[in-house]
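The values are calculated or read from the model by the stated rules, or taken from the named source; none is laboratory data. For clarity, every value in this text was computed on a predicted model and none was experimentally measured. Quick reminder, even Gly has a Cβ in these numbers, built from the backbone with ideal geometry, and neighbours come from all protein chains shown.
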Amino acid sequence: MSAQAKRRLSRKGRAVAVCVLLLCTAALKMVWTWTGDTAFLLASLVPVLAVALLCLGGRGQVPFEVIGGPWDGARVPVNTVDPDTEVLVLHTSGGEGARYAIVDHRSLVYQGQTQTPD
């Protein structure tokens, strides 16, 4: 496993972090309403920005969804698909390959079988 993959938060870890940050925002805003000190209002913006960064940072980690063929419903990691690839060949258990076209940002659509895996 690469060092970059080890540093990423899992989906569950990301959800817990977002929940904690939003609770901190709510708590800071409550303290602001009780005290009237605008420093608490300004401080509540920090967790909101952290949530935005967490959400934007995780966009590149979403796996490709395979539609049709022998791999139907599978999730393919992003690092498997090269950005310049138009057709991806995934190996099947029979020694052949299944061709999938990259149709949008995160979908692979079945195009047929190949006789020899590439």
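A few comments on the model shown:
- The combined condition, being part of a helix (DSSP H, G or I) and modelled with pLDDT of 90 or more, is not fulfilled by C55.
- Region 65-116: number of residues that are outside any strand (DSSP E or B), surrounded by 15 or more Cβ atoms within 10 Å (Cβ to Cβ) and in contact with a Phe, Trp or Tyr (Cβ under 7 Å, 6 or more places away or on another chain): 3
A quick yes/no check of all residues on (1) free of Cβ contacts under 8 Å to residues at least 12 places away in the same chain; (2) charged (D, E, K, R); (3) assigned by TED's automatic domain parsing to the domain that holds K12:
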position: L23; (1), (2), (3): yes, no, yes
position: T35; (1), (2), (3): yes, no, yes
position: A39; (1), (2), (3): yes, no, yes
position: L53; (1), (2), (3): yes, no, yes
position: D72; (1), (2), (3): no, yes, no
position: T92; (1), (2), (3): no, no, no
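- V87 within 15 Å of P63 (Cα to Cα) and among the hydrophobic types (A, V, I, L, M, F, W, C): no
- Qualifying residue in region 7-16 (condition: touching a strand residue (DSSP E or B) at 6+ places or on another chain (Cβ under 6 Å) and modelled with pLDDT under 90): no
- Region 36-48, residues that are surrounded by fewer than 11 Cβ atoms within 10 Å (Cβ to Cβ) and part of a helix (DSSP H, G or I): T38
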